[in-house]
Amino acid sequence: MRYGESITITDLETDPYPHYARLRAEDPIGPVPAANCWFATRWTDIETIARHPDFTAVSPDAPVNTAFGQPNVLTSEGEVHRELRGGIEPHYRPKRVAEYIETLVRPIAEEQLLAFRASGSNDLLTEFFEPVSALALARSLGFADVDVPTLRRWFHGLSQGAINFERDPARDAICQSTVAEIEAVALPLLARLASTPDQSPLSHMLHAGMPEGRTRQAEAILPSIKVTLLGGMQEPGHGAANLLVGLLQNPDQLQALRADIDGLLPQAIDEALRWIAPIGTMMRTATRDTEVSGIAVPEGTAVSCIFASANRDESRWDDPDRFDILRAQKPHMAFGQGTHFCAGKWFAKAQIDIAMRVLLDAFPRLAFSDDVPAFRGWEFRAPVHCRIAL
């Protein structure tokens, strides 16, 4: 039996990293039946697959297609992908983000920190990091009037579909209920924006590149809106939580960060994203019989490129399982590879930066209230809580 054939979803949800390490060593590209696909786990192989013409993002078996519909920005190619991405990307380019990120995110973070103090909770994950991330994405995208409980429900419901590699009917039911709720809010909003455009990405997705007097059909962009809602709410909030856990487990690094926050925070964010990638995979499908590093991949094979594994590849980083904000910086794969590289990279990193500054200013002596939190997940990985001593 190949090692990948022995791995269970429970194994991956609990702690995928030992399994990824063994796959890199013994079975770097091969089937993982529990996930209904193959895994690619080495940096160089994933880089090849992400850019090779023998592999396509058009993956019929990708859970995101079942969950969110098609076409969507994750699983499309060519002109369809360029058009869908072009509706989202302009608002999230680095210079554009720099124009609005501080005035958008800092008030949200400060407001949520006040709410956290008043809540009686000590869990920064549920009462600070996730709300800041959800509100920042929703308000930047154009869902200005949706509240935190709704947005968090959307995020957790959508995620059940996106991670449903094992095709669990219970997870699918949760996701489809969430999709119906999102569409009940989004469709009237898109109808209004079709006749009364504004500067939001939602409006841009409807109008950009269309002949005068015409707009795209709402149904054509709804799948990509769901993808953006999920990824945009998940990666910054959980990336910040992962960073906090790494820092609190390494007090010397937290002290160094406090002493030079302007110099060290950007690389601390990147180290957290490398150490535990909030979004762990990307699906590709072989368009013909091909080979990667001498391994035969049959036509039609769905291959999950495990970014989280690539980010701990021993051939690229020394002691890759160790969290170290002072390590030599190298590019990581937390935001993907190739033409499907995450358009929200700069928005996410800037949002984490502001949220962490607000938090560290407010709590000069941060510590966990009890044991270091466990992590869960492999497609989306985050601590189960971030409970701090108050």
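The values are calculated or read from the model by the stated rules, or taken from the named source; none is laboratory data. Remember, predicted model here, so these are calculated numbers, not experimental data. Note that we place each Cβ from the backbone using ideal geometry, even for glycine, and neighbour counts take in every protein chain shown. Surface areas here come from the heavy atoms of the whole protein model, side chains and all, with no ligands, DNA or RNA. Shrake-Rupley method; radii C 1.70, N 1.55, O 1.52, S 1.80 Å.
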Problem - Count of residues meeting criterion [surrounded by fewer than 15 Cβ atoms within 10 Å (Cβ to Cβ) and in contact with a Lys or Arg (Cβ under 8 Å, 6 or more places away or on another chain)] in the range 92-115 - result: 0
Handout entry: helices (runs of 4 or more DSSP H) (entirely within the range 207-285) containing at least 3 residues that are farther than 20 Å from LEU360 by Cα
Key = 218-249
Exercise for the section: For ALA191, indicate whether it is part of a helix (DSSP H, G or I) and over 24 Å from ALA134 (Cβ atoms). Expected result: no
Fill in the blank from the handout: Given (1) open to solvent by less than 20 Å² (accessible area, probe 1.4 Å); (2) outside any loop (DSSP other than H, G, I, E, B); (3) over 27 Å from ALA355 (Cβ atoms), PHE165 misses just (2)
Practice task
Considering (1) at pLDDT 95 or above; (2) among the polar types (S, T, N, Q); (3) open to solvent by 50 Å² or more (accessible area, probe 1.4 Å), say which one GLN199 fails and leave the rest.
Solution key: (1)
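Per-residue answers, yes or no, for (1) open to solvent by less than 10 Å² (accessible area, probe 1.4 Å); (2) free of Cβ contacts under 8 Å to residues at least 60 places away in the same chain:
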| site | (1), (2) |
| --- | --- |
| LEU254 | no, no |
| ILE276 | yes, no |
| ALA286 | yes, no |
| ASP289 | no, yes |
Practice task
Any residue in the range 63-91 that's open to solvent by less than 60 Å² (accessible area, probe 1.4 Å): show its pairings with residues that are hydroxyl-bearing (Ser, Thr, Tyr) and modelled with pLDDT under 90 at Cβ separation under 6 Å, as long as the two are six or more apart or on different chains.
Solution key: THR75/SER59
Practice task
Report yes if some residue within the range 241-261 is closer than 27 Å to ILE88 by Cα and of a type in the set (Gly, Ala, Ser); otherwise report no.
Solution key: yes
Practice task
Output the residues belonging to the range 7-35 that are surrounded by fewer than 18 Cβ atoms within 10 Å (Cβ to Cβ), within 21 Å of the chain's Cα centre (by Cα) and not in a helix (DSSP H, G or I).
Solution key: ASP15
Handout entry: Qualifying residues in the range 346-390 (those that are of a type in the set (Lys, Arg) and buried (at least 20 other Cβ atoms within 10 Å of the Cβ)) - the one nearest to ARG96 (Cα to Cα)
Key = LYS349
Completion exercise
So, first residue modelled with pLDDT of 95 or more and crowded, with 24+ Cβ neighbours inside 10 Å in the range 116-133, second residue assigned to a helix (DSSP H, G or I) and of a type in the set (Phe, Trp, Tyr), Cβ within less than 9 Å, six or more apart or across chains; the pairs are LEU124/PHE116; PHE128/PHE116; GLU130/PHE155; PRO131/PHE116; SER133/PHE155
